[in-house]
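Please read the structure below before turning to the comments.
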Amino acid sequence: MDGETEIVTTERPLHIRAFRIKALLFDFDGTLTHPGSLDLPGFARSIGCPAGRPVLEWIESLPDAHERRHCARLLEEFELRAAAESHPNPGAEDVVRELRALGLKLGILSRNGRAAIDRSLLNFPSLTAADFDLIIARDTPLPPNPLQTAYCTPQTRSGSESKRLCWWATTCSIYAPPAKRAPSGCCC
């Protein structure tokens with residue numbers, strides 16, 4: 001099996017092709033930061049968002065533009081307050097440093113606003129935004145991703161060098177042109 005490893009389980013053999021990890025994208029809340037500073041269900045109730053409905057999509061669906069802007073401002077204020085209270089997950093800074101030392105590109109992907117991410121990072125003793133090659137936040141000019149899947153889109157970074165950006169949220173199904181499932185994994 002050229003470039004493949006066979007893993008035998010009690011059910012059936014799995015054939016896994018060798019791959020090279022070039023980049024890792026981290027979720028922010030609850031991954032790099034310790035969970036608990038963000039009570040999104042409580043915030044959703046406070047603005048009248050129906051239970052079980054994603055807050056961002058609900059705000060975007062509001063018919064009145066003034067109400068949309070008002071709720072978006074409330075969300076930003078809520079996130080900034082939570083960001084001020086956040087702290088790093090134990091070991092998160094060590095993991096980032098170790099992965100960086102291996103030469104991997106690192107990024108953050110979050111549905112938070114960029115200001116909240118930057119504010120949270122102030123609470124990290126040794127990490128800053130500069131430790132990440134890419135930060136994609138809610139206000140980064142990309143469409144929201146309610147399916148929580150990943151998309152690979154061509155991006156230009158550092159001059160004219162063209163690279164692929166894998167946008168990953170909470171699942172590991174990667175859709176790449178042509179639409180083809182990639183092996184499970186949370187990396188590019």
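For this structure, a couple of remarks:
- Nitroxide proxy distance, nm - points 7 Å out along Cα→Cβ at residue 19 and residue 74: 4.1
- Amide H contacts of residue 26 (H built 1.01 Å from N, under 5 Å, at least 5 apart or other chain): 107, 108, 109
- Residue 98-residue 140 pseudo-label distance in nm [points 7 Å out on the Cα-to-Cβ vector]: 2.5
- Spatial offset of the range 31-53 relative to the range 115-129 amounts to 20 Å, using the alpha carbon center of each.
- Fully extending the segment from residue 89 to residue 64, taken as 0.36 nm per residue of separation minus the present Cα-Cα distance, adds 5.1 nm.
Values in this text are rule-based calculations from the coordinates and carry no lab data. Since this is a predicted model, take the numbers as computed values, not measurements. Note that we place each Cβ from the backbone using ideal geometry, even for glycine, and neighbour counts take in every protein chain shown.
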